[in-house]
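The values are calculated or read from the model by the stated rules, or taken from the named source; none is laboratory data. A quick note: this is a predicted structure, and the numbers were derived from the prediction, not measured. Positions of Cβ are backbone-derived with ideal geometry, glycine not excepted, and every protein chain shown enters the neighbour counts. Accessible surface is based on the protein model in full, side chains and every heavy atom, while ligands, DNA and RNA are left aside. Shrake-Rupley method; radii C 1.70, N 1.55, O 1.52, S 1.80 Å.
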Amino acid sequence: MQSSYAALKKNLTNEKWRECMINKAFNDHHKRVLVVDDDVMLRLLARETLEQAGFLVDEAANGKQAIIEFERSKPELIFLDVMMPDCNGLDICTQIREHPEYNNAAIIIMTGLHDFDSIHRAYKAGATDFIIKPINWTVFGYRANFIATAKQASDQVRYLAMFDSLTNLPNRVLLLDRLGQAVHYAARYNKMFAVLFIDLDFFKQVNDTLGHDIGDLLLKQVAQRMLLTTRSSDTLARLGGDEFILVIQDVASPEAIQIVVQLFMEHFSKPFKVDSHDIYLTASIGIAIYPSDGTTSSDLIKNADIAMNHSKKIGKNDYRFFSFDMQNELLQRITIEKELRKAIDSNEFVLHYQPRIESVSGQVVGMEALVRWAHPERGLILPEEFISISEEIGLIVPLGEWVLREACSQTKEWIQTGCASLKVSVNVSPVQFLRGDVLGMVKRILEETGLPPAHLEIEITESTLMQLRTMSIATKPDSLCNMLDRANGTQSDLITILQSLRAMGVSIALDDFGTGYSSLSYLNIFPIDVLKIDRSFINVIDESTDSPIITAIIAMADKLMLHVVAEGVETTSQKDYLISNGCDELQGYLLGRPVIWSEFIKTLGP
Ligand code: C2E
Ligand code: MG
Ligand code: MG
């Protein structure tokens with residue numbers, strides 16, 4: 001590089017060479033220098049020398065000007081006089097080092113030979129180097145170049161250590177550094193700032209479906225778009241994966257942040273074009289504000305993360321401000337999670353059974369197994385409090401297996417008594433299909449317990465069907481199987497699993513029918529034996545003399561040769577209406593509440 005400059009210089013006049021170097025310096029961020037000294041002669045000589053050495057030079061004659069010039073030109077090098085009429089150069093040095101953004105310049109203090117005290121204090125104030133006055137102008141240019149080159153090298157190392165190589169955004173290390181400064185600055189000047197935790201929704205599925213290369217290109221585009229709303233004083237960093245943090249400096253009020261966030265979210269309204277794909281992406285955002293939500297970098301990130309998780313839970317593609325209630329909720333959740341993990345080993349789960357009554361005969365023909373958690377301190381806890389957490393932490397797989405084993409072995413016990421034949425229905429969660437091997441589990445447990453398959457019914461909710469369908473579609477457009485294959489390493493898809501269960505003699509019930517927003521065509525696609533009409537439809541029977549939805553469901557099920565069960569029958573008029581309209585089976589508090597096995601068999605009679 002140096003030799004090509006030398007060759008260039010040989011062919012140019014001094015004037016041209018100077019111009020050329022100035023142009024180069026214009027393009028070279030690392031060669032901008034600010035000379036701060038009240039001595040006009042010194043500034044003149046410094047300018048001459050530095051420009052000849054290829055620098056672009058700005059000048060300041062006092063402390064005030066120095067800060068203005070510094071913020072305007074953002075120099076990489078600053079030559080700073082110690083003694084100036086309006087201030088001490090060391091104070092300027094401190095002020096620059098505390099600047100929330102441009103604090104990385106190399107600061108070279110210009111001081112007298114015997115002023116050792118100033119030299120000590122200069123290093124303490126964050127100076128990079130010092131140069132002795134009176135200045136040797138021959139050495140000065142070389143010295144400046146040496147410092148600039150050294151700084152460039154250290155910037156390179158710093159860049160690699162502090163920036164994300166994919167998006168070129170600051171990484172966690174730099175984010176923490178900037179956040180630390182933001183906290184310091186806000187505390188000192190009594191300011192408010194916001195930390196936004198941004199997590200892309202369903203990004204994993206993009207990676208899984210379209211591959212990591214597309215995922216990477218998408219992340220780059222997302223970063224570019226997000227940068228569009230950020231001011232130069234804000235910091236947008238990538239924490240890793242699909243997680244980003246935006247630090248918004250100097251905000252006036254939470255309302256002002258809300259406006260920024262809404263603008264920010266608009267970036268996601270248009271699709272991202274990656275290769276030939278139009279990818280629609282959304283983000284969930286959590287916001288923590290300094291100082292009300294935290295006064296340290298780690299608290300602010302943690303609380304913004306809590307708020308982000310909240311907005312994910314509520315339905316994604318949304319933002320939430322942190323509140324201390326969220327933190328309490330999280331603590332409670334962590335406690336439940338911990339206790340749940342223990343509960344399975346401590347045998348704290350129990351099954352209750354609710355009878356299913358045949359409409360025509362009024363006989364109990366089966367029962368639904370419903371799990372409860374007998375908590376040592378809190379007593380009996382209903383599934384709505386722990387099933388979704390168990391699903392999130394994967395505990396539903398062993399719990400579901402326990403439920404199935406318990407239900408099958410108790411039913412087998414009953415069958416052995418030679419009394420009326422009963423079918424037990426067991427709820428299976430979508431997570432069991434995704435993370436477990438439902439077919440293998442059913443086969444194994446039927447073998448272990450000796451329950452004939454015809455006495456078992458698997459209930460999957462309509463929303464499970466839809467969930468598994470969308471997840472699979474996201475993975476592979478025209479097949480349901482890919483996600484499942486990945487999850488359990490088998491070649492089966494949901495339809496195949498259900499068909500195999502049926503081939504074994506196990507029946508399949510579609511639970512909570514009417515609530516899953518599914519298309520009726522799924523009734524043709526999926527191998528289903530039973531429709532369980534959701535309680536919400538049964539509830540309204542009392543309010544009107546006619547329930548066309550129910551009669552329509554029953555008529556449709558009849559045509560499709562599906563058995564119909566009404567859930568949540570609570571009154572005699574509901575029961576009578578359902579029977580008179582041809583509903584095959586009834587389940588509900590009117591006919592029997594869920595009770596433990598020993599109680600349940602008492603209701604079956606001798
Ligand atoms: P589900 O499968 O639809 O079960 C029926 C729910 O309705 C049960 O609530 C039952 O107690 C309740 N119920 C029955 N009859 C009536 C009635 O007449 N009126 C009213 N108001 N409610 C009635 P439960 O036991 O709280 O279970 C709630 C849900 O938790 C179940 O809904 C099922 O989706 C899930 N669940 C229960 N046990 C398991 C399990 O072992 N595994 C899985 N994955 N989910 C389970
Ligand atoms: Mg059910
Ligand atoms: Mg149900």
Check Asn190 against each of (1) of a type in the set (S, T, N, Q); (2) under 28 Å from the mean Cα position of the chain (by Cα); (3) farther than 23 Å from Ala106 by Cβ and name the one condition it does not meet. (2)
Pairs, please: C-beta under 9 Å, at least 6 apart or cross-chain, first residue farther than 13 Å from Leu174 by Cα and among the β-branched types (Val, Ile, Thr) and in segment 146-163, second open to solvent by 60 Å² or more (accessible area, probe 1.4 Å) and modelled with pLDDT of 85 or more? Ile147/Thr128
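This table checks each residue for (1) of a type in the set (D, E, K, R); (2) surrounded by 14 or more Cβ atoms within 10 Å (Cβ to Cβ); (3) modelled with pLDDT of 95 or more; (4) more than 15 Å from ligand 3 (Cβ to nearest atom).
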site: Pro527; (1), (2), (3), (4): no, yes, no, yes
site: Phe537; (1), (2), (3), (4): no, yes, no, no
site: Val540; (1), (2), (3), (4): no, no, no, yes
site: Asp546; (1), (2), (3), (4): yes, no, no, yes
site: Leu562; (1), (2), (3), (4): no, yes, yes, yes
site: Val569; (1), (2), (3), (4): no, yes, yes, no
site: Gly582; (1), (2), (3), (4): no, yes, yes, yes
site: Leu586; (1), (2), (3), (4): no, yes, yes, no
For residues in segment 449-466 being crowded, with 18+ Cβ neighbours inside 10 Å and either β-branched (Val, Ile, Thr) or modelled with pLDDT under 95 (or both), which is nearest to ligand 1 (Cβ to nearest atom)? Thr461
Taking segment 425-448, which residues are within 16 Å of ligand 1 (Cβ to nearest atom) and part of a helix (DSSP H, G or I)? Pro430, Val431, Gln432, Phe433, Leu434, Arg435, Val438, Met441, Val442, Ile445
Neighbours by Cβ (under 8 Å, 6+ apart or cross-chain): first from segment 522-548, free of Cβ contacts under 8 Å to residues at least 60 places away in the same chain; second of a type in the set (Phe, Trp, Tyr) and more than 16 Å from ligand 3 (Cβ to nearest atom): Ile541/Tyr577; Ser547/Tyr577
Mind checking which pairs have a first residue in segment 421-436 that is over 20 Å from Asp493 (Cα atoms) and of a type outside the set (A, V, I, L, M, F, W, C) and a second that is away from ligand 1 (no atom under 11 Å from the Cβ) and at pLDDT 90 or above, Cβ under 6 Å, 6 or more apart or different chains? Lys423/Gly366; Lys423/His455; Lys423/Glu457; Ser425/Glu457
Hey, can you tell me all the residues within segment 588-606 that are surrounded by 15 or more Cβ atoms within 10 Å (Cβ to Cβ) and touching a Phe, Trp or Tyr at 6+ places or on another chain (Cβ under 9 Å)? Gly592, Pro594, Val595, Trp597, Phe600, Ile601, Leu604
Of the criteria (1) in contact with an Asp or Glu (Cβ under 9 Å, 6 or more places away or on another chain); (2) within 15 Å of Leu42 (Cα to Cα), which one Asn104 fails: (2)
Within segment 232-250, take every residue that is in a loop (DSSP other than H, G, I, E, B) and under 26 Å from Lys191 (Cβ atoms) and give me the one that is most open to solvent (accessible area, probe 1.4 Å). Ser232
Which count do you get for residues in segment 119-132 that are in contact (Cβ under 8 Å) with a residue 24 or more places away in the chain and either of a type in the set (Gly, Ala, Ser) or under 16 Å from Ile78 (Cβ atoms) (or both)? 5
In this structure, does Asp576 turn out to be on the phi < 0 side of the Ramachandran plot and open to solvent by 60 Å² or more (accessible area, probe 1.4 Å)? yes
Looking at segment 494-606, what helices (runs of 4 or more DSSP H) fall wholly within it and have at least 2 residues that are away from ligand 2 (no atom under 16 Å from the Cβ)? 494-504, 522-525, 548-559, 572-580, 597-602
Is at least one residue of segment 368-380 within 16 Å of ligand 3 (Cβ to nearest atom), under 21 Å from Ala566 (Cα atoms) and either more than 34 Å from the chain's Cα centre (by Cα) or of a type in the set (Phe, Trp, Tyr) (or both)? yes
Is there a residue being within 16 Å of ligand 1 (Cβ to nearest atom), open to solvent by 10 Å² or more (accessible area, probe 1.4 Å) and modelled with pLDDT of 85 or more anywhere in segment 487-504? no
Here is a check on your reading of the model: is Ser425 at pLDDT 95 or above, within 21 Å of Phe513 (Cβ to Cβ) and either out of contact with any Gly (no Cβ under 9 Å at 6 or more places or on another chain) or open to solvent by less than 60 Å² (accessible area, probe 1.4 Å) (or both)? yes
Would you be able to tell me the number of residues in segment 366-375 that are within 16 Å of ligand 2 (Cβ to nearest atom) and either open to solvent by 30 Å² or more (accessible area, probe 1.4 Å) or of a type in the set (A, V, I, L, M) (or both)? 4
Go through segment 251-301 and tell me which strands (runs of 3 or more DSSP E), entirely inside it, have 1 or more residues that are under 30 Å from Asn190 (Cβ atoms). 283-290
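The rows are residues; the columns are (1) surrounded by 18 or more Cβ atoms within 10 Å (Cβ to Cβ); (2) at pLDDT 95 or above; (3) within 18 Å of Ile245 (Cβ to Cβ).
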{"site": "Asp177", "(1), (2), (3)": "no, no, yes"}
{"site": "Val183", "(1), (2), (3)": "yes, yes, yes"}
{"site": "Leu196", "(1), (2), (3)": "yes, yes, yes"}
{"site": "Thr209", "(1), (2), (3)": "yes, no, no"}
Selection count where residues are more than 15 Å from Leu456 (Cα to Cα) and crowded, with 19+ Cβ neighbours inside 10 Å, scope segment 398-419: 1
Going by the structure shown, is Leu217 of a type outside the set (Ser, Thr, Tyr), surrounded by 16 or more Cβ atoms within 10 Å (Cβ to Cβ) and modelled with pLDDT under 90? no
Of these, Glu391, Glu348, which one is in contact with a Ser or Thr (Cβ under 8 Å, 6 or more places away or on another chain), open to solvent by 20 Å² or more (accessible area, probe 1.4 Å) and either touching a residue at least 24 places away in the same chain (Cβ under 8 Å) or closer than 30 Å to Asp576 by Cα (or both)? Glu391
